[in-house]
Amino acid sequence: MSLLTFAFCTYNRADRLDALVGAMREQSCPIPFEILVINNNSTDATPDTLARLAAMPGIRLRWVNEPVQGIVAARNRGIDEALGSDILVFIDDDELPCPGLLDAAADAILNEGAECAGGRVEMDFRTTTRPAWLEDNLLGFLAAVDHGPERFWIEDAGTPVWTANVAYDMRLFRDDPSLRFDPRYTRAGKDIGGGEDAAMLNALLARQARIRYRPDMAVLHAVEPWRLDRRYFIKLHYRAGVRHGRYELPRYRHAPLGVPPFMLAQFLRHVGRTARLALSGKPGLVRQAMNAAHALGSLQGYRSRQEG
């Protein structure tokens, strides 16, 4: 009989676990499923809360502690724990699954032949106020996903799905033990950045895996107030730039002082555009400042790779 593992990784969010596990247990699913929690060394009441929830009636909950700090180690532990299942569905510990998520995920994998499927991630501003500067084109950097009402096959990174709401056919990981989340793109504790889910998406695209977008897979993503700060978005993009420069760019032959001149020119252009927007008061300043931060991070990441 087929089995689905419904999993999330958690760190110091004990206050969210009752509502999250309750919503997970209310899911309908065409095949039996279990709930798996990977506790990444939480220092709050998470262990006691998980023990209490595991003892409650309903869908089975099992939990493990991953001693290596970081989201990549936690996600890879989830994969290893779910190798006996047919489907693994990941969501995050600051989300709530909407009704029908597991039905849609199982249908995509079992009936449509998808090897990976993802769906909508809706921003939940019920407990905080959305600032005026937070334009729609910035919501993706809070993990929002909405590619429209129709299901389709994903063929490039322009229509991504994230581990905030994603399902995998576990044969991907059983057949290739090297296919795991990349530790170069991790984050630990309350750190920001990462990019491990984008790296996994790119790895699957490179393998020509069948990736399905299912709008009927949906989660509500709580937006914590500390993320609603311009500095968060700029720092996030700077760190993405560092990873881009260090791991993804080719080595250029002409790089005086360890930096290709065209990259320095790009950075200066972005700085100029940012300054003009700041002076004009026109919309788009935060997004443009993020571009400048990414360009600076790429410079520093590339140079650190050259020095290493």
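The values are calculated or read from the model by the stated rules, or taken from the named source; none is laboratory data. As the structure is a prediction and not an experimental result, all values here were calculated from the model. Using ideal geometry, Cβ is built from the backbone for each residue, glycine included, and neighbour counts are taken over all protein chains shown. With ligands, DNA and RNA removed, areas are computed over all heavy atoms of the protein, side chains included. Shrake-Rupley method; radii C 1.70, N 1.55, O 1.52, S 1.80 Å.
Worth pointing out:
- Within the stretch 123-147, the set of residues being more than 22 Å from Ala289 (Cβ to Cβ) and crowded, with 17+ Cβ neighbours inside 10 Å comprises Val145, His147.
- Selection status of Gly158, over 13 Å from Asp197 (Cα atoms), small (Gly, Ala, Ser), touching a residue at least 60 places away in the same chain (Cβ under 8 Å) and open to solvent by 10 Å² or more (accessible area, probe 1.4 Å): no
- Residue within the stretch 172-180 that is surrounded by fewer than 16 Cβ atoms within 10 Å (Cβ to Cβ) and polar (S, T, N, Q) present: yes
- Scanning the stretch 17-39 for residues that are out of contact with any Leu (no Cβ under 9 Å at 6 or more places or on another chain) and touching a residue at least 60 places away in the same chain (Cβ under 8 Å) gives a single hit, Glu26.
- Subset of the stretch 66-94 [within 15 Å of Ala164 (Cα to Cα) and basic (Lys, Arg)]: Arg75
- Filtered residues of the stretch 195-223 (kept if acidic (Asp, Glu) and open to solvent by less than 40 Å² (accessible area, probe 1.4 Å)): Glu196, Asp197
- Tallying residues that are under 19 Å from Val242 (Cβ atoms) and open to solvent by 80 Å² or more (accessible area, probe 1.4 Å) within the stretch 267-289 yields 1.
- Boolean, Ala117 is outside any helix (DSSP H, G or I) and of a type in the set (Gly, Ala, Ser): yes
- All positions within the stretch 2-16 that are assigned to a helix (DSSP H, G or I) and open to solvent by less than 40 Å² (accessible area, probe 1.4 Å): Ala14
- Listed by first and then second residue, the pairs linking a residue in the stretch 117-141 that is under 20 Å from Pro160 (Cβ atoms) and without any contact (Cβ under 8 Å) to a residue 60 or more places away in the chain to a residue that is open to solvent by less than 70 Å² (accessible area, probe 1.4 Å) and assigned to a strand (DSSP E or B), with Cβ atoms under 6 Å apart and 6 or more places separating them unless they lie on different chains, are Leu139/Met123.
- Output for the stretch 150-176, where each listed residue is among the polar types (S, T, N, Q) and over 19 Å from Gly140 (Cα atoms): none
- When the stretch 63-74 is filtered for residues that are open to solvent by less than 50 Å² (accessible area, probe 1.4 Å) and in contact with a helix residue (DSSP H, G or I) (Cβ under 7 Å, 6 or more places away or on another chain), the ones remaining, listed by number, are Val64, Glu66, Ile71, Val72.
- Taking the stretch 75-108 as the range and being open to solvent by 30 Å² or more (accessible area, probe 1.4 Å), farther than 24 Å from Thr49 by Cβ and in a helix (DSSP H, G or I) as the test, the residues that pass are Asp103, Asp107.
- Filter pass, His244 being modelled with pLDDT under 95 and closer than 23 Å to Leu139 by Cβ: yes
- Selection count where residues are open to solvent by less than 30 Å² (accessible area, probe 1.4 Å) and more than 20 Å from the chain's Cα centre (by Cα), scope the stretch 24-36: 4
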